[in-house]
Amino acid sequence: MTRPRPATRPGARPPLYLRRPLIAGFLRQWPLLSCIVLVAAGLLLVAAERWRVGLVLMGLALVLAGMFRLLLPVRRIGFLAVRSRPVDITLMLGAGAVLVVSVLAIPGS
């Protein structure tokens, strides 16, 4: 079965989700993608023995995810919306803040 095409003017380009579905999918999920990129950078820093900076970066990625959930509408948040809005915000902001504070509270160089 083929997908029905939306009605367009003659000579007009089809929408991005029909021309490049993979790119359109990434653009729809940009809040999640930005958080995943930050977590990946943090994991690379941890693997390079810069654990303190890496874990702070991962905690800040959680805080960023919570801020996205707080500020963006449901149609823009994508897969970051897992539970209800108050639960998502509380868990992401809380876990991110606890991780950052815990890492910074560990004495050492």
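Before moving on, here are some points about what is shown:
- Qualifying residues in the range 24-54 (those that are over 16 Å from the mean Cα position of the chain (by Cα) and assigned to a helix (DSSP H, G or I)) - the one surrounded by the fewest Cβ atoms within 10 Å (Cβ to Cβ): Ala47
- Extreme residue, farthest from Gly25 (Cα to Cα), among residues of the range 60-93 that are open to solvent by 30 Å² or more (accessible area, probe 1.4 Å) and of a type in the set (Gly, Ala, Ser): Ser84
- Count - residues of the range 79-109 that are among the charged types (D, E, K, R) and touching a residue at least 12 places away in the same chain (Cβ under 8 Å): 2
- Flag if Ala81 is at pLDDT below 95 and among the small types (Gly, Ala, Ser): yes
- Residue tally, condition part of a helix (DSSP H, G or I) and farther than 30 Å from Leu27 by Cβ, over the range 94-109: 6
The values are calculated or read from the model by the stated rules, or taken from the named source; none is laboratory data. Computed from a predicted structure; not experimentally measured. A quick note on method: Cβ atoms are made from the backbone with ideal geometry, for glycine too, and the neighbour counts reach across all protein chains shown. Heads up: the accessible areas ignore ligands, DNA and RNA and are worked out on the full protein's heavy atoms, side chains in. Shrake-Rupley method; radii C 1.70, N 1.55, O 1.52, S 1.80 Å.
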